[in-house]
Amino acid sequence: TVTTAVTGRTEDHTDPWDRIAAALKGHIEAVLAPSAYARVIVTVLPDDVPDVAQDLQRMRDEYEQLWKKLLDDLDLKVDTQLLRFFLLGAANYTQVWFRPGALSPADIAKTFISFLRQPLEHP
């Protein structure tokens, strides 16, 4: 599962920024894997599948709590809920534009994190 991919990547890191980069890499790898699970968890809304809506919502809530903890550990002075949506939305969209042989999931994750840590505008 995507949760397993993320938690498995973060366990060996003590630095909060390294954990976020590792988690993002794990998320991107899971999203790009040829798995129905990753596609469902990313693109299907609970209201689309009433029979399993409760289970799907529970899985999403648990996954969001994992990311909430990862981002809270950074102790940033920003809206971490919107930051979580920003990061996961960008990572989920890799399904659309990713091409094997170009950037690796690790490269993508590191670049996304660098956008947060470095100013994008030059004086």
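Just so you know, all these numbers are worked out from the coordinates, no wet-lab data involved. All values reported here derive from a predicted model rather than from experimental measurement. Positions of Cβ are backbone-derived with ideal geometry, glycine not excepted, and every protein chain shown enters the neighbour counts.
Mind telling me which of Ile28, Ile113, Ile20 comes out most flexible in a GNM of the chain, alpha-carbon contacts under 10 Å?
The residue that fluctuates most here is Ile113.
Rounded, prolate or oblate for region 52-111? Axes are the square roots of the Cα gyration tensor eigenvalues, ordered a ≥ b ≥ c, and the cut-off for rounded is a/c under 1.5.
The shape class here is oblate.
Springs between alpha-carbon atoms under 10 Å, Gaussian network over the chain: tell me which of Asp51, Asp15, Asp73 tops the mean-square fluctuations.
Asp51
Taking the chain as a Gaussian network, Cα atoms linked when under 10 Å apart, which of Asp18, Asp107, Asp48 shows the biggest mean-square fluctuation?
Its mean-square fluctuation being the largest, the pick is Asp48.
Compute the Cα gyration tensor for region 77-121, then decide on rounded, prolate or oblate, letting a ≥ b ≥ c be the square roots of its eigenvalues: rounded whenever a/c is under 1.5, prolate when a/b is larger than b/c in the other cases, and oblate in all that remain.
oblate
Return the long-range amide H neighbours of His13 (sequence gap of 5 or more, or a different chain), with a cut-off of under 5 Å between placed amide H atoms.
none
Given 0.36 nm per residue, what is the gain on full extension from Arg99 to Leu83 after removing their alpha carbon distance, in nm?
3.2 nm
Quote the FRET efficiency, to the nearest 0.05, computed for Gln65 versus His13 with a Förster distance R0 of 22 Å and r equal to the Cβ-Cβ distance.
It comes out at approximately 0.75.
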